[in-house]
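Enquirer: Below is one structure. I have some questions about it.
The values are calculated or read from the model by the stated rules, or taken from the named source; none is laboratory data. On a predicted model such as this, the values are computed, not experimentally measured, just so you know. When we count neighbours, we look across all protein chains shown, and the Cβ atoms used for this are built from the backbone with ideal geometry, even at glycine. The protein model used for the area step is the full one, side chains on, heavy atoms only, and it has no ligands, DNA or RNA in it. Shrake-Rupley method; radii C 1.70, N 1.55, O 1.52, S 1.80 Å.
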Amino acid sequence: MYSFDERLITMDHEKSSQSMGAIQRVIKLNLLSSDNPGLVDGIMYGIVIGKVEMRTLEGSDRHQRSVLNFTFRDSIKDFVNVAYWLPPKDLIIISSKFTIGDVVAIHYPVVKTKSDDKAHIYTPWTPLSIELSLNEKSYVEKIEGPKAKQYESLVSIPCRAGNDYYTLAQIVTHGEQLVKKNDGINVLAGVQQIGALKTIRIRRQRETDYDNEEKQLLEILLFDGETSGVWLTFWDSEQIKFAQRWIPEEHIIFCVGLRVRYDEYRKVYGLTATRQSLFTINPDTNESVQLYESMRSISIDDLLNVTIDGGFNATVVTIRELKQYLSDNNSTDTFIVQCFLSHLDLDGPLNQVITKRCIFCNRSIRDNNGFKECTEAECRMKLLEQINDENLSTKEVFSLNVHLTDHTGTITNVKLGDDVARKMLKCSVDEFILMTDEQKTKLKWTYLLEKIRFGIQIKNNSNYAKPIVRIACLFPREYLTSSIDDEQS
């Protein structure tokens, strides 16, 4: 009887013998059927499109068994889940030899009918009616060279239709509904930032006591052509290793089987990878190409950042309710309104659209005896330390008063500041100044009387008799939809 290490050496010898002599029969997934379960006397080539960390089942040390689950694909249409059963120490060696994205050869798999039990809550969806099981008689080897190149292109084929996904905007606005989708959702998004790997302690209940288990987690910040600030969290070590290879602002990821969760810390809905999740880097789809081009043409700073702008997973109110709140309360708060811009004077006097602000304290600059400079003593001291040049102490920014209207009424003198104005108008102050009156009028009517969703901040200031009402963020048009079911129908 061979030990496991001896058996690996023997297998290598057998493979060498096969390469010189008899060649194993190559089997494709589409030739297998649930009507003919049992051992496959042959070899299967394909790519690993998903893999999760091995699990060890409870039992005596002598009879402990572990299982390694991965998903194997050998064509555009066909992929299956594989369960590799071995003693823990043997399976650790096998698992270390391949990872997600590797081309492998599977020798002597066992075909089984895909069961309908709860075990499939923990494995990805697959299109075939079978699954593969591996044991001591089976083995998996990583393949490189010309043979591997035949299968490497499969890594860019998503496991679901290229247009079957939710946007980040839909996740943020309809998170409460999407949380209920136990089978998970699909997402197409770009990688904005990869966070640091963290180690935390999780308290788990055992039969008689509690056990503190250390787990690693990785968070990836996602963005698309409209929205930033949505985080994807990984808890599985195999998925973490795969995600750490992603390149920010270069990789588009098609994600299958993600769970939506509410992030209590960031106060916004986010995503979590599960054992059901599969990931395709830069998928070969029209939607992925369009998203990549969109992200390359738009600055990340110009996207709606739901973590910074957000907390705007807030209450949606009418203009009447907003005005009622202003009359009844003196506290700072945030709301969402869906309304029309009924007054947007872009083609009026320039000083009603653009103002000068101090570069030190950001306050508006007032005319001081013919000189436009900040009146704050600290800022004037800083200015004296610099060359006496007005451009070094001031900056020009958008600053407008707009009116918002819906079916319940109108609220006037709402502040539209520089950050939101630049995102909305899609131009800088310098570009706006160079526009003709005709161009400014055309720009105004692009937004005037168009339905828009705004994040509104109400802020009390002791220097003013009334609270300041300002537009804190502009939501993409996708956010206007009131029901996720309407969008998916």
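Enquirer: Label points 7 Å out from Cα along the Cβ direction at ARG320 and GLU438: separation in nm?
Expert: With each label placed 7 Å out from Cα toward Cβ, I get 4.4 nm.
Enquirer: Which percent of the accessible area of the range 29-150 is formed by carbon and sulfur heavy atoms (probe 1.4 angstrom)?
Expert: Working: 3110 of 5970 Å².
The nonpolar share, carbon plus sulfur, comes to 52 percent.
Enquirer: Any idea what the relative contact order of the range 29-150 is, in percent, if you count C-alpha pairs under 8 Å spaced at least 6 apart? Please report the intermediate quantities before stating the final value.
Expert: On the way: 247 pairs, mean separation 37.8, N = 122.
Averaging sequence separation for qualifying contacts and normalising by length gives 31 percent for the range 29-150.
Enquirer: So for the pair ILE202, LYS89, with labels modelled 7 Å out along Cα→Cβ, what separation do we get in nm?
Expert: Each label point lies 7 Å from its Cα, and together they span 2.7 nm.
Enquirer: Could you give the length gained by full extension between VAL179 and ARG261, i.e. 0.36 nm per residue of separation minus their alpha carbon distance, to one decimal place? Kindly include the intermediate steps, with their values, before the conclusion.
Expert: Working: separation 82, 0.36 × 82 = 29.52 nm, distance 0.59 nm.
The span from VAL179 to ARG261 would gain 28.9 nm if fully extended.
Enquirer: Something else now. Using a simple spin-label model with points 7 Å from Cα along the Cα→Cβ vector, what separation in nm is obtained for GLU213 and THR446?
Expert: About 5.3 nm, to one decimal.
Enquirer: Let me ask another. Which residues in the range 93-109 place their backbone N less than 14 Å from a point set 7 Å from the Cα of GLU144 along the Cα-to-Cβ direction?
Expert: Taking a point 7 Å out along Cα→Cβ of GLU144, the residues of the range 93-109 whose backbone N falls under 14 Å are 97-99, 102-104.
Enquirer: Are any of the pairs LYS181/LYS459; LYS77/LYS426; LYS215/LYS267; LYS267/LYS423; LYS28/LYS180; LYS415/LYS442 more than 32 Å apart by Cα-Cα distance, and if so, which?
Expert: Working: LYS181/LYS459 37 Å; LYS77/LYS426 42 Å; LYS215/LYS267 23 Å; LYS267/LYS423 23 Å; LYS28/LYS180 37 Å; LYS415/LYS442 21 Å.
Those over the limit are LYS181/LYS459; LYS77/LYS426; LYS28/LYS180.
Enquirer: Can you give the extra length, in nm with one decimal, that the chain gains between THR412 and TRP125 once fully stretched, where that is 0.36 nm per residue apart less the Cα-Cα distance?
Expert: Values: separation 287, 0.36 × 287 = 103.32 nm, distance 5.28 nm.
Stretched fully, the THR412-TRP125 segment lengthens by 98.0 nm.
Enquirer: ³J(HN,Hα) across the range 444-452 via Karplus (A = 6.51, B = -1.76, C = 1.60, θ = phi - 60°), whole Hz, x for Gly/Pro?
Expert: For the range 444-452, the Karplus-derived couplings read 4, 6, 5, 10, 5, 6, 9, 5, 9 Hz, x marking Gly and Pro.
Enquirer: Rounded to two decimals, what ratio of Rg to Rh does the range 123-206 give with C-alpha atoms and a Kirkwood Rh?
Expert: 1.05
Enquirer: Arranged from highest to lowest average of other beta-carbon atoms within 10 Å per residue, in what order do the peptides 29-35, 287-293 appear? Don't skip to the answer; put the middle values down first.
Expert: Values: 29-35: 14.0, 287-293: 16.1.
In decreasing order of mean packing, 29-35, 287-293 become 287-293, 29-35.
Enquirer: Can you list which of the GluC sites (Glu not before Pro) found in the range 209-256 are DSSP loop residues with at most 16 other C-beta atoms within 10 Å? Don't skip to the end; give the middle numbers.
Expert: Values: sites: GLU213, GLU214, GLU219, GLU226, GLU238, GLU249, GLU250; in loops: GLU226, GLU249, GLU250.
The qualifying sites are GLU249, GLU250.
Enquirer: Suppose R0 equals 51 Å. What FRET efficiency, 1/(1 + (r/R0)^6) with r the Cβ-Cβ distance, do ILE76 and GLU378 give to the nearest 0.05? Mind dumping the intermediate values first?
Expert: Details: r = 66 Å, r/R0 = 1.29.
According to the calculation, E is roughly 0.20.
Enquirer: Give me, ordered by chain and number, the residues 5 or more places off ILE354 or on other chains with an amide H under 5 Å from its own placed amide H.
Expert: Correct list: SER399.
Enquirer: Another question, then. Could you tell me what percent of the accessible area of the range 220-274 is made up of carbon and sulfur, with a 1.4 Å probe and every protein chain present?
Expert: Its accessible area is 52 percent carbon and sulfur atoms.
Enquirer: Exactly which GluC sites (Glu not before Pro) in the range 70-177 are in a DSSP loop and have at most 14 other Cβ atoms within 10 Å?
Expert: Details: sites: GLU131, GLU136, GLU141, GLU144, GLU152, GLU176; in loops: GLU136, GLU144.
Sparse-neighbourhood loop GluC sites (Glu not before Pro): GLU136, GLU144.
Enquirer: Take every Cα pair under 8 Å in the range 208-299 that's 6+ residues apart, average their separations, divide by the length, and report that relative contact order as a whole percent.
Expert: Working: 115 pairs, mean separation 24.2, N = 92.
Worked out over the range 208-299, it gives 26 percent.
Enquirer: Provide, in order from the shortest bin, the percent of all Cα-Cα pairs of the range 29-150 in each 10 Å bin, continuing until the bin that contains the maximum pair distance.
Expert: 13, 46, 34, 6, 0
Enquirer: Same structure, new question: Return the equivalent ellipsoid semi-axes of the range 82-145 as a descending list in whole Å, where each equals the square root of 5 times an eigenvalue of the C-alpha gyration tensor.
Expert: For the range 82-145, the semi-axes come out at 21, 15, 12 Å.
Enquirer: Could you pull out the trypsin sites (Lys or Arg not before Pro) across the range 214-290 that fall in loop regions by DSSP (anything but H, G, I, E, B) with no more than 10 other Cβ atoms inside 10 Å? Before the final figure, lay out each step's value.
Expert: Working: sites: LYS215, LYS241, ARG245, ARG259, ARG261, ARG266, LYS267, ARG275; in loops: ARG245, ARG266, LYS267, ARG275.
The qualifying sites: there are none.
Enquirer: Taking only protein heavy atoms and a 1.4 Å probe, what accessible area per residue, in Å², does the range 180-285 have with all protein chains in place?
Expert: Details: 5000 Å² over 106 residues.
In whole numbers, the range 180-285 has 47 Å² accessible per residue.
Enquirer: Please enumerate, by chain and number, the lysines with C-alpha under 21 Å from the C-alpha of LYS97, excluding those fewer than 8 residues away in the same chain.
Expert: LYS15, LYS51, LYS89, LYS137, LYS142, LYS147, LYS149, LYS241
Enquirer: Any idea of the accessible area per residue across the range 29-150, 1.4 Å probe, to the nearest Å²? Write out the running numbers ahead of the final one.
Expert: Details: 5970 Å² over 122 residues.
Computed with neighbouring chains in place, this is 49 Å² per residue.
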